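What follows is calculated from the coordinates using simple rules that are stated; it is not laboratory data. Quick caveat: nothing in here was measured; it's all calculated off a predicted structure.
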Amino acid sequence: MLHPAAQILLWIFLTLALQLAKPLLLATLGTALLLAALLVAAGKLRQLLRRTRWIMLTLLLIYAWTTLGTPLLENSPAFCPTW
């Protein structure tokens, strides 16, 4: 087990490295991590997803309605999520 300070530094470097990654690499890593989590601790993953579903939904809605972009519906662009 690494020292807590080393773990924090590792997470910071990983976060910075992922900012430069291509979308295909991110999708591949995400899929691999999901499969690994399912194989190692499926019950804990299910529990985590169940506990965090409302915050994930809230973040999706906030990003959909506050991010600038092309409106999904042309009829009412002011009250519509963006693409």
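Against the main long axis of the alpha-carbon atoms of the chain, helix 4-19 sits at an angle near 40°.
Across region 40-48, rounded Karplus estimates of 3J(HN,Hα) from the backbone phi angles (6.51 cos²θ - 1.76 cosθ + 1.60, θ = phi - 60°) give 7, 8, 5, x, 5, 5, 4, 5, 5 Hz, Gly and Pro being marked x.
The calculated 222 nm mean residue ellipticity attributable to helices in the chain amounts to -24500 deg cm²/dmol, summing -39500 (n - 2.57) over DSSP H runs of n ≥ 4 and dividing by all residues.
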